[in-house]
Amino acid sequence: MTWDLAVVGAGYVGVPLAYTFAEAGQRVLLVDVQPHVVEAINNGVSHIEDVPSEQLKPHTDGGRITATTDYEQVKQAAAVLIALPTPLSKQREPDLSYIEAAGRSLAPVLQRGQLVVLESTTWPGTTREVLQPILEEGSGLKAGADFHLAMSPERVDPGRTDWTTKTTPKVVGGIDAASTEAAAELYRKAIDRVVTVSTPEAAELTKLLENIFRAVNIALVNELAQLTERMDINVWEVVDAAATKPFGFMSFAPGPGLGGHCIPIDPFYLTWKAREYDFSTRFIELAGEINNNMPYFCRSVVSQALNHGSQKSLKGAKILVLGVSYKADIGDMRESPAEKLVHLLKKGGADISYHDPHVPEFDGMRSVDLVPEDYDCVTIVTAHKSIDYGELVRRAQIVVDFRNATKGHEVEGKVWKL
Ligand SMILES: NC(=O)c1ccc[n+]([C@@H]2O[C@H](COP(=O)([O-])OP(=O)(O)OC[C@H]3O[C@@H](n4cnc5c(N)ncnc54)[C@H](O)[C@@H]3O)[C@@H](O)[C@H]2O)c1
């Protein structure tokens, strides 16, 4: 075999995965449908921040990572890991079209003895009910008897440096014991700890539980933030104080809404599947309701701050939105709650500008220079580290802070928080 493994999908998950295996001395074929992505990778140029070009290039130069658009080459790989997007459709239902398309491309090149592992986040049953029949029909081979099939959800958190693809334990569940063992053996070559579970469904649900856990706990503090606003209690102080308990509590931060392509989306994969079992996932629905309402609540906080802080109405107010990406210190706009909030503020008649060092253009606007004194109000939606929040408070007329970025710089009547 020319390659120890192929990784299908050269994105946020696939590139770090390929890099991790290459670092462990494995030869990796990266398969993607975008020719410009393939060409760049083969030139040692990375489009994924977690694997900068300086780290990728030695592996492409050394022949440990090769990218291609040609599925034929997968014949020469001992294993295939599928790391493709699993979004929601317009009707907010699971969209498995990427997995299905890749399955149809893989089936004709599938070889006896190969291992196929699905890494994408998805509902329990996808590997066996969706991927397996596509692979079997197109190849004439039988999963288990002719090729191994397993599921191992990717848990990487882009931008994170304390836990990486290599150091985050890998959960693996195959369609039979031999598939589980084949997948576990492969991951052990590159990843520090492999945890096996008895089925692919258990592996699929493990990943969903992790993301649902976050969505529900964020909703809990978001609900609390709405109550504490009425009770005149500082929710951030309460969360910080609760977090001093050394056991039995885990800290989650309130905020203007969920962002990114995981936490707002993945829980609804389970909601959809649960319907098949006459079951309604009420925690997930409730969390979605509370989290989706946060931009509306935040608009009311801005409105009140303008009212009480400077006797102005939202209509006609000049507002600077500070930080629009979905999380701090990166430029990723996917599902960013800033979009909804800006839309609501504009609808309320406010005159909106924004500043974000990571996002040059957004919603038909260009990021402006940070001149806080030019605005009736500055609203902190995403707290990038590069901003001096003490100076911001000194210069601004009113600051509405949804991230507790102004902690330690609070000024009564000037700084308003969630
Ligand atoms: N990004 C994350 O933070 C993260 C973390 C954990 C899990 N996941 C999950 O991992 C999966 C992959 O997500 P991602 O963020 O890496 O996606 P992505 O959008 O970054 O990358 C997907 C890549 O797949 C390519 N592609 C699309 N169709 C293809 C096909 N038929 N054949 C080959 N390549 C194809 C695209 O061109 C793109 O380069 C999703 O299920 C996601 O939920 C993502």
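The values are calculated or read from the model by the stated rules, or taken from the named source; none is laboratory data. Keep in mind that what you see is a predicted model, and the values were worked out from it rather than measured. Here the Cβ is made from the backbone with ideal geometry for all residues, glycine too, and neighbour counts use every protein chain on show. Surface accessibility is based on the protein's heavy atoms, side chains included, excluding ligands, DNA and RNA. Shrake-Rupley method; radii C 1.70, N 1.55, O 1.52, S 1.80 Å.
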Provide the net charge surrounding Val15, with neighbours chosen by a C-beta distance below 11 Å and charges set as Lys +1, Arg +1, Asp -1, Glu -1.
-3
Total charge dipole magnitude, the range 146-252, about the Cα centre, Cβ charges on Lys, Arg, Asp, Glu only, Debye to nearest 20:
280 debye
Charge dipole (debye, nearest 20) of the range 108-192; +1 at Cβ of Lys and Arg, -1 at Cβ of Asp and Glu:
180 debye
I'd like to check one number: the per residue accessible area of the chain, probe 1.4 Å, reported in Å² as a whole number.
46 Å²
Summing +1 for each Lys or Arg and -1 for each Asp or Glu, what net charge is found among the other residues whose Cβ lies under 11 Å from the Cβ of Thr121?
-3
What trypsin sites (Lys or Arg not before Pro) in the range 128-178 are in a loop by DSSP, with at most 10 other Cβ atoms within 10 Å of the Cβ?
Arg160
Measure of compaction for the range 68-217 (Cα Rg per 2.2 N^0.38 Å)
1.02
Over all pairs of different Cα atoms in the range 1-152, the reciprocal of the mean inverse distance gives a Kirkwood radius in Å of 15.5 Å
On average over all directions, what projected area in square nanometres does the chain have, based on the convex hull of its Cα atoms?
21.6 nm²
What does the charge count near Leu84 come to, summing +1 for each Lys or Arg and -1 for each Asp or Glu among other residues with Cβ under 13 Å from its Cβ?
-4
Taking the alpha-carbon centre of each part, the distance from the range 6-53 to the range 283-335 in Å is 36 Å
What's the Cα-based Rg to Rh of the range 291-400, Rh via Kirkwood?
0.93
When the chain is fully extended, how far beyond the present Cα-Cα distance does Asp176 get from Ser300, taking 0.36 nm per residue of separation?
39.2 nm
Base-10 log of normalised Debye intensity for the range 248-344 (one unit scatterer per alpha-carbon) at q = 0.24 Å⁻¹:
-1.25
Using a probe of 1.4 angstrom, how much of the accessible area of the range 153-284 is carbon and sulfur, in percent?
59 percent
Spin-label model distance (nm) - Met1 vs Asp240, 7 Å beyond Cα toward Cβ:
5.2 nm
Starting from 0 in steps of 10 Å, tell me what percent of the Cα-Cα pairs of the range 1-47 lands in each bin.
28, 61, 11
Counting other C-beta atoms within 10 Å, and keeping those with at most 11, which DSSP coil chymotrypsin sites (Phe, Trp or Tyr not before Pro) do you find in the range 264-350?
Tyr277, Phe279
In Å and on Cα atoms, what radius of gyration and Dmax does the range 64-156 show?
13.2, 41
